[in-house]
1. Tell me the label only: which of (1) 37; (2) 24; (3) 20 is percent of Cα pairs over 27 Å apart as calculated from this structure?
2. Can you list the residues, at least 5 places off or on another chain, whose amide H is less than 5 Å from the amide H of PHE144, using H built in the peptide plane?
3. Report the Cys residues of the chain lacking a disulfide-compatible partner, meaning no second Cys Cβ under 4.7 Å from their Cβ.
4. In region 99-121, which residues have a backbone nitrogen under 11 Å from the label point lying 7 Å from ASP26's Cα in the Cα-to-Cβ direction?
5. Tell me, what HN-Hα J-couplings in whole Hz come from the Karplus equation 6.51 cos²θ - 1.76 cosθ + 1.60 at θ = phi - 60° for each residue of region 107-112, using x for Gly and Pro?
6. On full extension of the chain, what length is gained from CYS163 through TYR4, given 0.36 nm per residue of separation minus the C-alpha to C-alpha distance?
7. What ³J(HN,Hα) values, in whole Hz, does the Karplus curve 6.51 cos²θ - 1.76 cosθ + 1.60 give for region 30-37 when θ = phi - 60°, with x put for Gly and Pro?
8. Tell me, what HN-Hα J-couplings in whole Hz come from the Karplus equation 6.51 cos²θ - 1.76 cosθ + 1.60 at θ = phi - 60° for each residue of region 75-88, using x for Gly and Pro?
Amino acid sequence: NQGYAPYGTFGWSSATVLTSWVNNGDIPSDVCVIKLQNDAKGHGVTYYTGWLGRSWDWGATQSHHALGYPGNLGNANVLELCTSQSFGASSACGGDNVLNTGCSMTYGSSGGPWIRNYRSDNWVNSVVHGYTSESCTGTFGKTFNGARFTSGNIGTLCNTVGC
């Protein structure tokens, strides 16, 4: 956002990841729940910005809108949007638990949401992991991947720490 923080900044109080991510670093486990602290006025970030819903256990083929601040577009200072249909990776690359989607965003967009039903329901259904290899993800700068949200990854974290 060009360095502008219209709502201030928010510290974090906890970050929780899956043990399988710590032990294996596999893409289907690359999810995290971060709890943010309230600001000095006692308000949470969603008081100012609203929030996106979340969903899991949807199929690999979906229409997504991916958002991020990629370094290759706007020098990581401009929010970019990609619209694409996701598809599962090959079985050797994680199968349907890893989503690939067409998008030209590269470095800096990692962690950005993939939104299902954009502007109607706004359900976050994956986040950008990045790029694995041409054989797993496709052509660099034209596709990227992320964990498909399931009851076994983000659902587990939400049930553990609350989402």
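Nothing in this text is a laboratory measurement; each read-out follows from the coordinates by a stated rule. All values reported here derive from a predicted model rather than from experimental measurement. Glycine also receives a Cβ, built like all others from the backbone with ideal geometry; neighbour counts cover every protein chain displayed.
1. Label (2) holds the value from this structure.
2. Sorted by chain and number, the residues that satisfy this are THR101, CYS103.
3. If one checks each Cβ against the other cysteines of the chain, CYS32 turn up with nothing under 4.7 Å.
4. No residue qualifies, since no backbone N sits under 11 Å from the label point.
5. Those phi angles translate into 3, x, 8, 4, x, x Hz.
6. Values: separation 159, 0.36 × 159 = 57.24 nm, distance 2.74 nm.
Contour length minus Cα-Cα distance gives 54.5 nm.
7. Computed from phi, the couplings for region 30-37 are 7, 9, 8, 10, 10, 9, 9, 7 Hz.
8. Couplings: 6, 6, 10, 10, 5, 10, 10, 10, 10, 7, 9, 7, 8, x Hz.
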